[in-house]
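A.B. asks: Quick one: the structure is below, and I'll ask about it shortly.
The values are calculated or read from the model by the stated rules, or taken from the named source; none is laboratory data. Bear in mind the structure is a predicted one, so any value in this text is a computation, not a measurement. No Cβ is skipped: glycine too gets one built from the backbone with ideal geometry, and neighbour counts run over all protein chains shown.
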Amino acid sequence: MMEILVLETEMMLIFLCKTDPNTVFCHVSLLCFDIYEFCCSCFRMDEGRQPLSRKVPIKSSKINPYRMLIVLRLVILGLFFHYRILHPVNDAYALWLISVICEIWFAVSWVLDQFPKWYPIERETYLDRLSLRYEKEGKPSELAGVDVFVSTVDPMKEPPLITANTVLSILAVDYPVDRVACYVSDDGAAMLTFEALSETAEFARKWVPFCKKYTIEPRAPEWYFCHKMDYLKNKVHPAFVRERRAMKVCLFLLLYTIIC
């Protein structure tokens, strides 16, 4: 496709030189701009087709000590079973046999659990490629929907403030709003948790757009405002300062409602 475009460009330049040489520079600029846009679009398409993640090699200095520990445990385990099998308890043979079977079962479970730890896999993800592949201009997002479940039991042991921060952090994630849903399961059916989450839902209408607009991290409001940082250091826009102060007031009202 690129060769066809270059050939068409050369034919156009030859035609322009024969007809009106004075307009060649203007047309060449337009053609160069079109070629640039075409190349950028091709690059974006190629970038969107790239893998969404890649395996990151783990240094042998980190993994080899654990592998040596696994081998040592296997040797000890083998010696243990060698002793257990060669020294049965004749007075309680049935109990000895049952205990040996259980020990072998636990040993096999442990060995199977060591396989992924022997060769762990660490991946590096590329969220920008995910956006290029499934979010196209002028078209609805093709990203999969994500449902997050948050469970709680006792508001005395699990304060509703922590649950509220968890829910707000989930809703403010960098993902299309219509593709994220958060469900809270309260096994204790406490009215305090219900009322706190009702107020949290109202606060989320302001907090989520604020986080997405200014790329706020951390997304949990309590941790964000407790985080010691000079947000005026880089001469931020005055609108951010006003909205941040408004969010702080709204958070104070939310905390007052939950606590009182």
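A.B. asks: Starting from region 72-96, take each residue that is within 16 Å of residue 106 (Cα to Cα) and list its partners that are assigned to a helix (DSSP H, G or I) and at pLDDT 90 or above, counting only C-beta distances under 6 angstrom and pairs at least six apart or across chains.
C.D. replies: Here the result reads 77/107; 84/100, each pair linking region 72-96 to a residue that is assigned to a helix (DSSP H, G or I) and at pLDDT 90 or above.
A.B. asks: Taking the criterion of being touching a helix residue (DSSP H, G or I) at 6+ places or on another chain (Cβ under 7 Å) and either modelled with pLDDT of 90 or more or among the small types (Gly, Ala, Ser) (or both), would at least one residue in region 44-60 satisfy it?
C.D. replies: Step one: filter region 44-60 for residues touching a helix residue (DSSP H, G or I) at 6+ places or on another chain (Cβ under 7 Å), giving 44, 47-48, 50, 52.
Those still in the list that are either modelled with pLDDT of 90 or more or among the small types (Gly, Ala, Ser) (or both) too: 48.
So far as region 44-60 goes, yes, one or more of its residues are touching a helix residue (DSSP H, G or I) at 6+ places or on another chain (Cβ under 7 Å) and either modelled with pLDDT of 90 or more or among the small types (Gly, Ala, Ser) (or both).
A.B. asks: Looking at this structure, is residue 51 outside any helix (DSSP H, G or I), over 30 Å from residue 174 (Cβ atoms) and either of a type outside the set (D, E, K, R) or not assigned by TED's automatic domain parsing to the domain that holds residue 176 (or both)? Let's see the steps before the verdict.
C.D. replies: Numbers: outside any helix (DSSP H, G or I): yes; over 30 Å from residue 174 (Cβ atoms): no; either of a type outside the set (D, E, K, R) or not assigned by TED's automatic domain parsing to the domain that holds residue 176 (or both): yes.
Considered against the rule, which asks whether it is outside any helix (DSSP H, G or I), over 30 Å from residue 174 (Cβ atoms) and either of a type outside the set (D, E, K, R) or not assigned by TED's automatic domain parsing to the domain that holds residue 176 (or both), residue 51 comes out as no.
A.B. asks: While we're looking at this one, here's another question. Look through 98, 70 and report the one residue that is within 39 Å of the chain's Cα centre (by Cα), in a helix (DSSP H, G or I) and surrounded by 11 or more Cβ atoms within 10 Å (Cβ to Cβ).
C.D. replies: Working: 98 fails: within 39 Å of the chain's Cα centre (by Cα).
After ruling out the rest, the residue left standing is 70.
A.B. asks: Moving on. Pull out all pairs, ordered by first then second residue, where Cβ-Cβ is under 9 Å, the residues are six or more apart or on different chains, the first lies in region 198-211 and is over 15 Å from residue 223 (Cα atoms), and the second is among the polar types (S, T, N, Q) and surrounded by 14 or more Cβ atoms within 10 Å (Cβ to Cβ).
C.D. replies: 199/257; 200/163; 200/165
A.B. asks: Take region 55-111 and flag every residue that is of a type in the set (Gly, Ala, Ser) and within 23 Å of residue 121 (Cβ to Cβ). Spell out how you get there, then give the answer.
C.D. replies: From region 55-111, those of a type in the set (Gly, Ala, Ser) are 60-61, 78, 92, 94, 99, 107, 109; that's our starting set.
Answer for region 55-111, where residues must be of a type in the set (Gly, Ala, Ser) and within 23 Å of residue 121 (Cβ to Cβ): 60, 61, 109.
A.B. asks: OK, next. For the list (1) hydrophobic (A, V, I, L, M, F, W, C); (2) at pLDDT 90 or above; (3) loosely packed, with under 13 Cβ neighbours inside 10 Å, I need the number of the one condition that residue 144 fails.
C.D. replies: (2) is the only condition that residue 144 fails.
A.B. asks: Among the listed residues 215, 193, 152, which satisfies the condition of being on the phi > 0 side of the Ramachandran plot and of a type in the set (Ser, Thr, Tyr)?
C.D. replies: Details: 193 fails: on the phi > 0 side of the Ramachandran plot; 152 fails: on the phi > 0 side of the Ramachandran plot.
Sole residue among the options that is on the phi > 0 side of the Ramachandran plot and of a type in the set (Ser, Thr, Tyr): 215.
A.B. asks: Could you look through region 173-220, keep only residues that are polar (S, T, N, Q) and surrounded by 14 or more Cβ atoms within 10 Å (Cβ to Cβ), and pick out the one that is nearest to residue 247 (Cα to Cα)? Step through it out loud before you land on a result.
C.D. replies: So in region 173-220, the residues polar (S, T, N, Q) come out as 185, 193, 198, 200, 215.
Now restrict to residues that are surrounded by 14 or more Cβ atoms within 10 Å (Cβ to Cβ): 193, 200.
On the way: 193: 22, 200: 13 Å.
My answer is 200.
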